[in-house]
Amino acid sequence: MRIDVVTIFPEYLEPLNVSLVGKARARGLLDVHVHDLRNWTHDRHHTVDDTPYGGGPGMVMKPEPWGEALDEIIGAAEPPPVLVVPTPSGRRFDQKLAVELSAAPWLVFTPARYEGIDRRVIDEYASRLDVREVSVGDYVLAGGEAPVLVMVEAVARLLPGVLGNAESHQDDSFAAGPMAQLLEGPVYTKPPEWRDRGIPDVLLSGHHGRIARWRRDQALARTAANRPDLIARCDPASLDKHDRAE
Ligand code: ADE
């Protein structure tokens, strides 16, 4: 997969050199290009913002640098990339969208600062390619760079070959499958005793059926405590008779 990020803070994207994403790049599974938007300005001050029409606080990102940057990066490429615009006014990013984006061969991210990008830029590119305005949560950050880091990591770990064990995202909280809609329960490793705290007996029993049942009960309890909204939205067909017993 190819990923381009256009930003006025290229250094903010340095974490893309580290850990899972960094290793995926080093192994050639991910081709990441970070661009400085100011390279597409032509004045002495490399201006990227201006005052909003209609008044109001803050500044708006000017359309010209974005247009020149995106035209140069995207060119006449076929198929064109999916353009991902981080904004608190976008559709909420979730695992389903991560899976959808992970199927695209090319993503271009346009993290904005200030009050956002002149609307005409989004409208212009939406007329030619798939544009997704995406929010990472119901809070307002100072810019879209941190959301890009979040989205790239969520997408990268779904790419074939990126995770060591191909199955290791099957049980993730929010993944599809038998535990869909449930948060992951607690996990334990050695030593068997730490500060007088042991391991739940069932995990030492070697009884796979009981372990699976216990994990599901833990997942249900944690979901009910932390995310009752997920239980409320749960497809009743995904519950079994043991789930209902309590
Ligand atoms: N930019 C500022 N806040 C944001 C958010 N919550 N999601 C995506 N982009 C943003």
Original post:
If you take the beta carbon distance between Trp194 and Ala237 as r and set R0 to 45 Å, what does 1/(1 + (r/R0)^6) give as a FRET efficiency, to the nearest 0.05?
Top reply: 0.70
Original post:
Fewest to most neighbouring Cβ within 10 Å: what's the order for Phe109, Phe174?
Top reply: Phe174, Phe109
**OP:** Kindly express, to the nearest 10 degrees and within the range 0 to 90, the angle between helix 63-74's C-alpha long axis and the longest C-alpha principal axis of the chain.
**Re:** 70
**OP:** Could you line up Thr223, Thr47, Thr189, Thr41 from fewest to most neighbouring Cβ atoms inside 10 Å?
**Re:** Thr189, Thr47, Thr41, Thr223
Original post:
What are the lysines whose alpha-carbon lies under 21 Å from the alpha-carbon of Lys62, with same-chain residues fewer than 8 places away excluded?
Top reply: none
Original post:
Using the Cβ atoms and a cut-off under 10 Å, what net charge is assigned to the surroundings of Gly67, where Lys and Arg are +1 and Asp and Glu are -1?
Top reply: -4
Original post:
Pick from Arg92, Arg119, Arg210: which residue has the top mean-square fluctuation in a GNM of the chain where Cα pairs under 10 Å get a spring?
Top reply: Arg210
Original post:
In terms of Cα to Cα distance under 26 Å, which lysines are near enough to Lys96, apart from those fewer than 8 places away along the same chain?
Top reply: Lys23
Original post:
Going by how many other Cβ atoms sit within 10 Å of their own, how do Met59, Met151 line up, fewest first?
Top reply: Met59, Met151
**OP:** Please report the relative contact order for the chain, taking Cα pairs under 8 Å with a sequence separation of at least 6, and give it as a percent rounded to a whole number.
**Re:** 18
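Values quoted throughout were computed directly from the atomic coordinates according to the rules given, and no laboratory measurement underlies them. Being a predicted model, the structure only gives us computed values, none of them experimental. No Cβ is skipped: glycine too gets one built from the backbone with ideal geometry, and neighbour counts run over all protein chains shown.
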